[in-house]
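Working notes for the structure below.
The values are calculated or read from the model by the stated rules, or taken from the named source; none is laboratory data. What you see is a predicted model, and the numbers here were worked out from it, not measured in a lab. We place every Cβ from the backbone using ideal geometry, glycine too, and count neighbours over all the protein chains shown. Only protein heavy atoms, including side chains, enter the accessible area calculation; ligands, DNA and RNA are left aside. Shrake-Rupley method; radii C 1.70, N 1.55, O 1.52, S 1.80 Å.
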Amino acid sequence: MQQAELKGIAERYATFATDEARGSSVEYERLAIAVAQSNDLLEFIATLPAESRQPNLFLAAVRHVCGVPGNGDDLRRLVRAHPARIREVMLSRTTQTNEPARCAVLLPLLAQLPQPLALLEVGASAGLCLLLDHYGYDYGNTRIDPTISGDDPAPVFTCKVSDTVPLPKAIPRIVWRAGLDLNPVDVRSASDAAWLETLVWPGQDERLTRLHAAINIARRNPPNVIRGDLLTDLVQLMATAPRDATIVIFHTAVLGYVWPRSAREQFAATVTETGVDWISNEAANVFPSIAKTAPPSPAPGRFLVSWNGRPVAWAGPHGQSLDWFGPPR
């Protein structure tokens, strides 16, 4: 095994511990540091394809098979005891974290567009972010109730916002919605729903409660998520949207898993050519050409929100905050 390869994996896990897990999950911060410092764990991860080595996936796979390890020694013991089962999960599953609270950072943008809206989400997972009008939002001085009510209590997503955020007064009217995903998650499947729950980090009990509520809503209102590739099937799906609605293509924490980087640029070019509105909520390094025109992030691990290729805000990775610096439409 090349030492440079192991060093790269170690740096990735150390960065995840400090920039993403710190302040969000004590357990994942501790375990990610343990991975970065363990040759045994690094060598196990290095036997997997490059696209299957991400910290979220490894830690979730271990948790799915064995539960949450208590410490680094426990993690090493579990991986030694169950390497085949952990490997199988990492090869058969992806980090399809479907965080519905990210709707809180999408809503201020969507509310500025001419209504009604037709939403098309790429990398939609279970499509929970397509149901944003079923949820409530708390922006501090502004609270917005869902426009669609049902028998299930709606989760309310709290989002800390800067003074410059153009807060919506209401949820826009949505007349069409569809998702595209290589492997759609069916929340009516107990195993699929359990995997989504496993992807919520340990210690984030409130986030898990909100996910349960969103899953219950999705089971009663199944979103239309089509199996397909965002590079080849997007335009065909978009053609089924109503022409008298404002079409919006959006994605959150998806394009970072699209390789090589040229494929991301191909996607961006395709979306731009369609002429529809495009909202991206991704790590800053996903589109360097967009990120270079943004001001510095207020904190590590923030996502960059862009609108039609223009950066407008920094967002908490799970929708917990929004710092606006771009002009309104």
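Key figures
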item	result
Hydrodynamic radius by Kirkwood, which averages 1/r over all alpha carbon pairs of region 183-255, in angstrom	14.6 Å
Alpha carbon convex hull of region 1-47, projected area averaged over orientations, nm²	2.9 nm²
Shape box of region 97-142 [Cα atoms, principal axes, largest first, Å]	32, 24, 15
Heavy-atom accessible area order for ARG102, ARG87, largest first, 1.4 Å probe	ARG87, ARG102
GNM result for the chain, Cα springs below 10 Å: residue of THR198, THR232, THR270 fluctuating most strongly	THR232
Partners for LYS169 among lysines (Cα-Cα distance below 22 Å; same-chain residues under 8 apart left out)	LYS160
Principal axis box of region 1-89, alpha-carbon based, largest edge first, Å	33, 27, 22
Accessible surface of region 208-329, 1.4 Å probe, proportion on carbon and sulfur as whole %	55 percent
Solvent exposure, largest accessible area first (probe 1.4 Å, DNA, RNA and ligands not counted), of GLU282, GLU273	GLU273, GLU282
Per residue accessible area in Å² of the chain, where ligands, DNA and RNA are left out and the probe is 1.4 Å	44 Å²
For region 88-146 and region 200-229, distance of Cα centres in Å	10 Å
Antiparallel content of DSSP bridges confined to the chain, in %, to 5	40 percent
For the chain, alpha-carbon Rg and Dmax in angstrom	19.5, 59
Rounded to the nearest 10 Å², the accessible area of SER149 at probe 1.4 Å	110 Å²
Set of lysines near LYS292 by C-alpha distance (under 18 Å), chain-local residues within fewer than 8 positions excluded	none
Charge dipole (debye, nearest 20) of the chain; +1 at Cβ of Lys and Arg, -1 at Cβ of Asp and Glu	100 debye
Cα gyration tensor shape for region 227-310, rounded if a/c is under 1.5, else prolate or oblate	prolate
